[in-house]
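The values are calculated or read from the model by the stated rules, or taken from the named source; none is laboratory data. All figures in this text were calculated on a predicted structure; none of them were measured in a lab. Because the Cβ atoms are built from the backbone with ideal geometry, glycine has one as well, and the counts that use them run over all protein chains shown. The area values use the complete protein model at the heavy-atom level, side chains included, leaving out ligands, DNA and RNA. Shrake-Rupley method; radii C 1.70, N 1.55, O 1.52, S 1.80 Å.
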Amino acid sequence: MTSDVLAHACPHPLLIDRYRVQTQAIEQLHQTIKQWLYTGATGGYVWGEPRSGKTTALEYVSAALRTRAGKPIRVFTYNAKTFSVTTDNKLWTAILSALGHGMAHMGNAIDKYERLVSFLAEQALTNEVQQVVLIIDEAQKWQRLEFEMMVDLGNDLRRRGVQLCLILVGTRELRERAQQLDKHLNGHIRGRFFLRMAEYRGLRNVQEVAFALRQYDDVLRWPDDSGVPFTQYLLPEPYQAGFRLEACAGLLWHVFTEMREQHGFGDWPMAYFVVLVQVLLLDYLPEYGSERCDESMVASALESTGLCYLP
């Protein structure tokens with residue numbers, strides 16, 4: 001079957017990393033951000049360890065956000081850049097480019113800023129409460145200047161009747177930045193963007209592993225119009241005989257905890273988990289057979305993901 005996958009005109013999503021695995025942590029994050037929006041929050045921040053799956057989680061949440069009336073809320077993402085010297089002109093150009101605006105490089109800083117305000121205000125009209133979300137990924141790179149400019153952006157949008165919710169996403173460094181903000185000198189920044197916080201974590205127990213594996217067995221399908229789950233498509237005979245990845249949850253968690261005790265890291269980062277499943281479905285299980293899925297096989301596959309080198 002692996003050769004058929006490689007030869008298919010449209011590559012399998014596992015080969016090109018074009019799929020999202022729903023997890024309980026993603027659903028929790030969805031509910032948290034929905035609550036922020038429903039209560040009129042001007043912002044909040046999400047932090048987590050590197051490779052925990054924050055960016056993928058927010059891609060899912062972005063597509064799922066709705067108002068109370070069920071109207072979609074437009075969500076835009078900007079990956080923070082590191083400039084040698086940050087200026088308003090550079091920042092507005094970078095954000096407009098990330099939003100796909102066709103005139104991102106035209107005019108001066110004031111022109112670009114007005115263009116951004118008008119664009120976001122127009123996008124907010126797609127729902128009855130005129131809300132729009134701007135996600136800043138890798139936000140730990142930002143300094144006070146960028147946050148000050150976001151305060152201005154939020155103020156000018158509010159004057160147009162638009163509610164901007166700025167969601168900052170980053171690592172532990174972002175959380176430390178939030179904790180260090182002086183409530184007197186930076187009260188307006190802290191109050192806008194750092195009062196609401198969500199920690200995004202990797203897989204923490206066998207139940208969460210089982211939930212994630214179930215997505216491959218039942219939810220994720222390819223080709224899209226075939227109705228065939230990933231596990232069934234890649235392992236048709238074992239699947240027909242009753243094999244399910246979910247049944248391996250205890251085995252995978254056991255092997256992971258053995259490696260965790262040896263190397264001293266915490267949660268199971270999603271980036272490494274999905275690579276493990278990919279290796280099992282595309283390589284180990286087709287070659288050696290699902291009946292030989294044991295501790296030795298999983299340990300070898302897990303080691304190949306590079307998790308053991310996690311700092």
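Here is how the numbers come out for the structure above:
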read-out	value
Fraction of beta bridges assigned by DSSP in the range 35-182 that are antiparallel (%, nearest 5)	5
Residue 34 accessible area, assembled protein chains, probe 1.4 Å, Å²	60
Surface share of carbon and sulfur [accessible, 1.4 angstrom probe, percent] for the chain	48
Furthest towards positive pole of dipole, 154, 174, 143, structure part the range 137-176, Cβ charges	154
Rounded to 5, percent antiparallel among DSSP beta bridges of the chain	15
Alpha carbon centroid spacing (whole Å) that separates the range 89-109 from the range 249-277	42
Lysines with Cα under 18 Å of residue 90, excluding same-chain neighbours fewer than 8 positions away	81, 112, 141
Residue order for 146, 49 - accessible surface, 1.4 angstrom probe, largest first	49, 146
Given charges at beta-carbon only (K, R positive; D, E negative), |dipole| of the range 57-159 in Debye	220
Residue of 108, 79, 127 that the Gaussian network model of the chain assigns the largest fluctuation, springs spanning Cα pairs under 10 Å	108
Mean separation of Cα contacts under 8 Å (6+ apart) over length of the chain, as relative contact order %	23
Net charge dipole size for the chain [Lys, Arg +1 and Asp, Glu -1 on Cβ; Debye, nearest 20]	1600
The range 197-238: C-alpha gyration tensor shape, a/c 1.5 cut-off, then a/b vs b/c	oblate
Heavy-atom surface of the range 162-311, accessible at 1.4 Å and reported per residue (Å²)	48
Assigned charges on the beta-carbon of Lys, Arg, Asp, Glu; the range 217-311 dipole about Cα centre (debye)	100
Proximal lysines relative to residue 34, as straight alpha-carbon distance under 21 Å, when same-chain residues fewer than 8 apart are discounted	54, 71
1.4 Å probe accessible area per residue over the range 46-88, in Å²	52
